[in-house]
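Structure record follows, encoded as structure tokens.
The values are calculated or read from the model by the stated rules, or taken from the named source; none is laboratory data. As the structure is a prediction and not an experimental result, all values here were calculated from the model. All Cβ positions, even for glycine, are placed from backbone atoms using ideal geometry, and neighbour counts span all protein chains on display.
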Amino acid sequence: MGVTKEAFLKVFEEHSDGLFRHAFFRLSSRDKALDLTQDAFLKGWEYIRKGGDMRDPKNFLYRIMHNLIIDEYRKSKSDSLDEVLEKAGDATEEQFAEGSLAEIESSADDRMLTERVKNAVAELPDDYRAIVTLRFMEELSTKEIAPIVGVTENVVSVRIHRALIKLRGVLLAEENI
């Protein structure tokens with residue numbers, strides 16, 4: 001007999017936060033990330049219900065999420081710059097409403113750095129962006145990433161190396177502007 005619904009639900013709950021973070025970082029949309037996290041659960045459960053095997057639950061779920069994100073990229077259009085700036089402005093106003101000056105400055109610095117890195121990662125080709133997100137946001141090993149993206153460990157390592165070189169170049173170029 002396969003995996004029970006309770007066992008699958010437990011495995012999913014263990015990894016749902018990481019799946020959500022991965023989707024959110026790749027898509028920059030909380031709503032889409034929530035939807036895809038729910039879709040990953042449904043697709044995973046449907047696969048198991050039909051007799052599919054889940055030998056490595058973490059890789060199984062991340063592979064589903066990876067495929068859902070690719071599908072989302074194919075069908076979605078990017079947000080306009082005005083929408084992005086408007087959303088960022090609302091969050092900044094809320095932050096300034098509370099906290100000491102030092103806390104506000106520190107928080108603003110952290111947000112600026114996070115935004116710089118996020119923008120630099122967004123400029124990477126999708127193959128690099130997926131692997132960088134899995135490696136550094138979800139802290140997966142190259143061995144864990146390889147089956148998720150469907151390449152060898154060596155290819156994962158090479159892509160991480162190349163992505164970091166590109167990120168470094170983008171961030172340094174941004175500082176020199």
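Looking at region 134-166, which of its residues are small (Gly, Ala, Ser) and either within 25 Å of ASP71 (Cβ to Cβ) or in the same structural domain as TYR62 (by TED's automatic domain parsing) (or both)?
Matches in region 134-166: ALA146, GLY150, ALA163.
Hey, among LEU140, LEU171, which residue is within 16 Å of PRO125 (Cα to Cα) and among the aliphatic types (A, V, I, L, M)?
LEU171
Can you name the residue in region 1-42 that is among the basic types (Lys, Arg) and buried (at least 16 other Cβ atoms within 10 Å of the Cβ) and is also nearest to LYS118 (Cα to Cα) among such residues?
Here is the first cut: in region 1-42, the ones among the basic types (Lys, Arg) are 5, 10, 21, 26, 30, 32.
Next, from what is left, pick out any that are buried (at least 16 other Cβ atoms within 10 Å of the Cβ): 26, 32.
On the way: ARG26: 9, LYS32: 17 Å.
Restricting to residues being among the basic types (Lys, Arg) and buried (at least 16 other Cβ atoms within 10 Å of the Cβ), the top hit is ARG26.
Output yes when any residue across region 40-55 is over 22 Å from LYS143 (Cα atoms) and within 14 Å of the chain's Cα centre (by Cα), and no when none is.
no
What helices (runs of 4 or more DSSP H) completely inside region 114-177 contain at least 1 residues that are of a type in the set (Gly, Ala, Ser), surrounded by 15 or more Cβ atoms within 10 Å (Cβ to Cβ) and at pLDDT 90 or above? Spell out how you get there, then give the answer.
Numbers: elements: 126-132, 142-149, 153-176.
In region 114-177, 142-149, 153-176 are the helices (runs of 4 or more DSSP H) which contain 1 or more residues that are of a type in the set (Gly, Ala, Ser), surrounded by 15 or more Cβ atoms within 10 Å (Cβ to Cβ) and at pLDDT 90 or above.
Taking region 43-72 as the search range and keeping residues that are loosely packed, with under 13 Cβ neighbours inside 10 Å and part of a helix (DSSP H, G or I), which one is modelled with the highest pLDDT?
Checked region 43-72; the qualifying residue modelled with the highest pLDDT is GLU46.
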